[in-house]
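Data first, discussion second: the structure below is written as structure tokens.
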Amino acid sequence: MTGATSRPFVKMNGAGNDFVVVNALERPFTPGADAVRALGDRKTGQGFDQLIAIEPSDTADAFMRVWNADGGTVETCGNALRCVGWMLMQANGSDQVTIDTLGGPTIARRAGVDRITVDMGPPRLDWREIPLAEEMDTRGIELQVGPIDAPVVHTPGAVSMGNPHVVFFTDRQDDGFVIGTGSLIEHHPLFPEGVNVGFANVLAPDRIRLRVFERGAGLTRACGTGACAALVACARRGLTGRKATVIVDGGELVIDWDEGSGHVFMTGPVEVERTGTLDL
């Protein structure tokens, strides 16, 4: 039995992208931004990239609410969708569930032992959908980092996977560069809602090495929507096919931009790390 200010949680990760997941199906969970930041602190709190609440839904098996470690709410999180999908399937014995989010509904399916495939829906590619502050061709937007005559990275692709992403095509992926460039671009005026910043190195037509500086979370070990956005951005430029393995710091994700449906499917691992109780 837990008190009114304490909540049981499950700590999970999807390819290293880690979450504290709280069951709010029967009792609301509404932490303020300060509480989220305190819980997310890796030295003094539980530590996570995102805090997740599983809430009731009239139209789906559950609604997934997502807070970043900085306390802000975001539309969705691909790796968390796999973890929440797995939890719901374990609870109800099914092989498929529908999860609603602020970014729209998603279907999750079993894809093997502790592997889940999530239908992330079609990518949103119009500049207004990402959104950008002005009209641009999202295959390569007018943005560069470094000197005007010799930019370090430039002309990234822009994609929304329910949340905004920009993807630079580069083999420069060291921590300092990713964090420095990501923090520079995250709140750039071109992105009125902020943006997740990806750095994609195409190793082969079916292999991408990716690092992502996530809006509100910084450099993470994996970003599911970022992996989807990277595959779409690379495929639109002819750098890869429509299906590739995306290698992130925490593992590998298989991303398939299905030609028939136009939907992006992400398959990857889920792992339960531990359980515990949050004191709010």
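The values are calculated or read from the model by the stated rules, or taken from the named source; none is laboratory data. Computed from a predicted structure; not experimentally measured. Counting neighbours? That spans all protein chains shown, and the Cβs are built from the backbone with ideal geometry, glycine included. These area figures cover heavy atoms from the full protein model, side chains too; ligands, DNA and RNA do not enter into them. Shrake-Rupley method; radii C 1.70, N 1.55, O 1.52, S 1.80 Å.
Once both labels are positioned 7 Å from their Cα atoms along Cα-to-Cβ, the gap between Leu25 and His263 label points is 2.2 nm. On the chain, 49 percent of the accessible area sits on carbon and sulfur atoms, based on a 1.4 Å probe.
Which FRET efficiency value, to the nearest 0.05, do you get for Arg172 and Thr98 by plugging their Cβ-Cβ distance into 1/(1 + (r/R0)^6) with R0 = 45 Å? The computed FRET efficiency comes out at 0.70. Fully extending the segment from Arg139 to Asp279, taken as 0.36 nm per residue of separation minus the present Cα-Cα distance, adds 45.8 nm. Protein-only accessible surface at a 1.4 angstrom probe places the residues His263, His165 in the order His263, His165, largest first.
Per residue, how much accessible area does the chain show when a 1.4 Å probe rolls over the protein heavy atoms, in square angstrom? The answer is 42 Å² per residue.
State whether the stretch 1-132 is rounded, prolate or oblate according to the following rule on the C-alpha gyration tensor (a ≥ b ≥ c being the square roots of its eigenvalues): a/c under 1.5 gives rounded; otherwise a/b larger than b/c gives prolate, and the remaining case gives oblate. Here the stretch 1-132 falls in the oblate category. Across the stretch 202-212, rounded Karplus estimates of 3J(HN,Hα) from the backbone phi angles (6.51 cos²θ - 1.76 cosθ + 1.60, θ = phi - 60°) give 7, 8, 6, x, 10, 9, 10, 8, 10, 10, 10 Hz, Gly and Pro being marked x.
With Cα atoms defining each centre, the stretch 235-280 and the stretch 194-232 are spaced 10 Å apart in the structure.
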